[in-house]
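The values are calculated or read from the model by the stated rules, or taken from the named source; none is laboratory data. Small disclaimer: the values here were computed from a predicted structure and weren't measured. Cβ placement follows ideal geometry from the backbone for every residue including glycine, while neighbour counts extend to all protein chains displayed. Each accessible area value is taken on the protein alone, full model and side chains, heavy atoms only, with ligands, DNA and RNA left out. Shrake-Rupley method; radii C 1.70, N 1.55, O 1.52, S 1.80 Å.
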Amino acid sequence: MDELAETQRMGRADLLAIGFGTTVAMWGIGYFSRMSPVVVSSRVLLVVMLACLVGGGFVAGRYAGRGWLGGLRTGALAGLLNLLVLGSVLGGDQPNQIGPSAFWWIPGSILVAALAGAVGAAVGTCWKADRQDPVNWTSAFAGVAAAATLILLTVGAMVTSKQAGLSVPDWPNTFGYNMFLYPLSRMTGGIYYEHGHRLFGTLVGLTTVVLAIHLWVTDRRRSIKTAAAVAVVAVIAQGILGGLRVTGHFTLSTSHADMAPNITIAMVHGALGQLFFALLVALTVATSATWVAGRRPAAVSAAATDRSLTVLLVVLLVVQLVLGVILRHRYGAMVIHISMAVFVTVVAVAAGLRSWGLYDERIVQRLGLTLIFLTGLQVLLGVGAFIATGATAFVRPPPAPEVVLATAHQVAGAVLLGWAVMLLLWHRRLFVGKL
């Protein structure tokens, strides 16, 4: 554990996890608070954002033991990352124009964020956590990246559910504007969902790159370095695929006539997003304290069977998610998707029951029990989405129940895949079959 603490100190994993985590929380709250029909007032939202910054500082003071200076750093990091969206209120009426207020808004916002973090840390220092083991901040940072990706998947699902995928005709610009300077006042209707998806994708990409650099510097395992590199390649590919889905080719034109939207690319983009999330979940598990501790696997007679069962479950879920992507974009493969759902449900419940009942390890027991719950929830969401979309097939724009159920069904599928990946990894790490 001393080696783990030293590695995290060298990589500043606590500052990264808290700073990026605070930013992800702020972006998630900000995005969903402006969704019609419920729109939170700017004053209330400002108070909530300041509370997030204070909360991040509180975590730095209480759990990281960084003191007010650590809170200042995490707040400043969050303020720096928030510049990615600050441009939406600083831009002018003309493309790529920045108002004169930017010269005090930019440093001022970072200063306020830093001070809020320092205040939270000062308070958190007074109530230090009573725990013997240090927090594994590297795993926490990977968890932040996974959480940000899950929010991004939710935002992307909203784009598809709201049929807003082509609301912005150009890429990487937005109606001729630099993506980070497009005015907030113009983000209405489908533009809000599509443009918000692009901005959140940028945050996920930046988080992934910083996480990968941290792992390359601090983690000695070649497998982790390789997985981090794959994550960077995947997130870059996702960004490019998302743009080419709109334009069909590389161009800076803003004319609809020059665009060739590509549904096939859209489906690849959707499927790769699910796999990318599963990869970040795997990194979160592989950097956890229990995994790094290198505990010797226990010999269990059922281990070989459950290894194969969990591998089968992950493969089936990937196939099912691909079918779901095809269904959402092509409106076909319904019969195959439903038939596969029955098979996946049986395998998932079997894997969950065996993990819950045949093993004494608490991690596997909890994962198994939760897997059963998630499977049941996904089945209910699937039935609800089928009924909602079938009953409103010719109603456009789609009504709220259809949007909510279809989005929830897609996101729950990603969570289910992530959970199955965790169960697979822990079975391989903690158990070995008896000879």
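If each of Arg295 and Val311 carries a label point 7 Å out from its Cα toward its Cβ, how far apart are those two points in nm? For Arg295 paired with Val311, the spin-label model returns 2.4 nm.
Which FRET efficiency value, to the nearest 0.05, do you get for Ser185 and Leu377 by plugging their Cβ-Cβ distance into 1/(1 + (r/R0)^6) with R0 = 41 Å? If you can, show how the numbers build up before the last one.
Numbers: r = 38 Å, r/R0 = 0.93.
Plugging the Cβ-Cβ distance into 1/(1 + (r/R0)^6) gives 0.60.
Here the gap between Leu353 and Val217, fully extended at 0.36 nm per residue and compared with their Cα-Cα distance, gives a gain of 45.0 nm. With the simple model of a label 7 Å out from the Cα in the direction of the Cβ, Val335 to Val47 spans 5.7 nm.
With the other protein chains left in place, how much accessible area per residue, in square angstrom, belongs to segment 51-146 at a 1.4 angstrom probe?
50 Å²
For segment 66-108, the share of accessible area belonging to carbon and sulfur comes to 70 percent (1.4 Å probe, ligands and nucleic acids excluded).
Rounded if a/c is under 1.5, else prolate if a/b is larger than b/c, else oblate: which is segment 200-243, with a ≥ b ≥ c the root eigenvalues of its Cα gyration tensor? It would help to have the intermediate numbers written out before the result.
Numbers: a/c = 4.63, a/b = 1.97, b/c = 2.35.
The shape class here is oblate.
By the gyration tensor of its Cα atoms, with a ≥ b ≥ c the square roots of the eigenvalues, what is the shape of segment 76-170: rounded for a/c under 1.5, prolate for a/b over b/c, or oblate? Oblate. Apolar share of the accessible surface for segment 227-329: 71 percent from carbon plus sulfur atoms, 1.4 Å probe. Rounded if a/c is under 1.5, else prolate if a/b beats b/c, else oblate: with a ≥ b ≥ c from the C-alpha gyration tensor eigenvalues square-rooted, which is the chain? Oblate shape, in that a/c is at least 1.5 and b/c is the bigger or equal ratio.
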